[in-house]
1. Can you figure out the FRET efficiency of Arg267 with Arg155, using R₀ = 22 Å and their beta-carbon distance, to the nearest 0.05?
2. Excluding Asp260 itself, calculate the net charge of residues whose Cβ lies under 15 Å from the Cβ of Asp260, where each Lys or Arg counts +1 and each Asp or Glu counts -1.
3. For His41, His222, what's the largest-to-smallest order of accessible area, 1.4 Å probe?
4. Pulled fully out, how much extra length does the chain show between Glu51 and Ser19, if you take 0.36 nm times their separation in residues and subtract their Cα-Cα distance?
5. If contacts are Cα pairs under 8 angstrom and at least 6 residues apart, what is the relative contact order of the range 138-272 in percent?
6. With a 1.4 Å probe and all protein chains left in place, how much of the accessible area of the chain comes from carbon and sulfur atoms, in whole percent?
7. Filter the cross-link list Lys168/Lys259; Lys211/Lys259; Lys201/Lys247; Lys183/Lys247; Lys69/Lys183 down to pairs whose alpha-carbon distance in this structure exceeds 31 Å.
8. Which values of log₁₀ I(q)/I(0), to two decimal places, follow from the Debye formula for the range 79-217 at q = 0.12 Å⁻¹ with a uniform point scatterer at every Cα?
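The values are calculated or read from the model by the stated rules, or taken from the named source; none is laboratory data. Note that this is a predicted model, so its numbers are computed, not measured. Quick reminder, even Gly has a Cβ in these numbers, built from the backbone with ideal geometry, and neighbours come from all protein chains shown. Side chains are part of the model used for accessible areas, which takes the heavy atoms of the whole protein and leaves out ligands, DNA and RNA. Shrake-Rupley method; radii C 1.70, N 1.55, O 1.52, S 1.80 Å.
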Amino acid sequence: MLQLSLKRKAGIYVMQTVSQSDIVRDLRQLGIMQGAEILVHSSLSSIGHVEGGANTVINALLEAVDPHKGTVIVPTITANAQQNPDNPPLYNVHNTPCWTGTIPETFRHRQDAVRSLNPSHSTAAIGTNAENLMIGHEDCRTPCGFGSPYYRLSRRGGKVLLLGVTLKSNTSFHMIEDLADVKFHLQPQPTECTIIDCMGKRHLRSILLHKWGTRRKYPILHQPFLELGIMREGLIGQAASLLIDAKGMVEYTEALLRKDPFYLVDRPIGSH
Ligand SMILES: CC(C)(COP(=O)(O)OP(=O)(O)OC[C@H]1O[C@@H](n2cnc3c(N)ncnc32)[C@H](O)[C@@H]1OP(=O)(O)O)[C@@H](O)C(=O)NCCC(=O)NCCS
């Protein structure tokens, strides 16, 4: 178990102040080098008191990969459980906020950020391959599957960084559910979604949206991933963090799900 590096003063635990250079040092220690492509799920409050807040974390991530050589991606997800063919989403790439935290919400507003046009599971990226990774997400048949940024990252030797969050937040598992063709994670009927791009132009896309309500047990893969060497753990500031090799994660998890599609969910009654 990781030890949180809280300073103890007169018996009271106090929050550490964390700077950009502290975060860059910790990212390097975890294994993030210049040229890396990383998809970052995050919790700002888990890091400690970050001088300068979310922008400092973003600057540190960019400094670590060097945006002239590498790329940082964040999930800017807007999906909700009410969206279905009778209640289709209206997604505006500029105005629709994400619910994946302060770091992605701040990130997507950066001038050099490119946000993808998927109406439920968009991502945003800054760096040398930002455009290549974001392009065409609205044309994918499903939000996270084949052709999505989650998929592309895994095919390009990218990594998933869980900064202060657990495998529960790892959206890429939905991509693997897609690849393994599990039957419970997509709505049966497509939804006609409206997308408004950065020029204000409207597009309609027919997409099989995420189906809500099945409880996932993703954290059961924590120990196997560590033992297989496809995941490392470390602290970023005070945040217990995980760095996953996306290709290794896909290979291992897809094989598991092909054998048992219910391996990562609460098994429905009557299934075997
Ligand atoms: C939900 C979640 C974002 C909440 O994390 P969090 O740390 O509480 O919230 P944020 O990352 O949005 O950061 C905001 C919080 O940071 C704290 N904060 C504010 N300034 C700060 C600073 N300078 N330094 C550190 N923390 C600060 C505050 O507590 C703030 O909460 P408040 O706005 O309610 O006061 C996080 O638990 C999570 O799940 N992240 C992953 C989401 C994801 O990618 N999901 C994929 C779904 S498939």
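1. Values: r = 30 Å, r/R0 = 1.38.
Given R0 = 22 Å and the Cβ-Cβ separation, E is 0.15.
2. On the way: positive: Lys183, Arg216, Lys217, Arg258, Lys259, Arg267; negative: Glu177, Asp181, Glu254, Asp266.
Net of charged neighbours comes to +2.
3. Details: His41 10, His222 55 Å².
Reading off the accessible areas and sorting them downward yields His222, His41.
4. Working: separation 32, 0.36 × 32 = 11.52 nm, distance 0.55 nm.
So the chain would gain 11.0 nm between Glu51 and Ser19.
5. Working: 194 pairs, mean separation 42.3, N = 135.
This gives 31 percent for the range 138-272.
6. Working: 6790 of 12940 Å².
Reported share for carbon and sulfur atoms: 52 percent.
7. Numbers: Lys168/Lys259 21 Å; Lys211/Lys259 22 Å; Lys201/Lys247 35 Å; Lys183/Lys247 23 Å; Lys69/Lys183 39 Å.
Long pairs (Cα-Cα over 31 Å): Lys201/Lys247; Lys69/Lys183.
8. At q = 0.12 Å⁻¹ the computed log10 ratios are -0.46.
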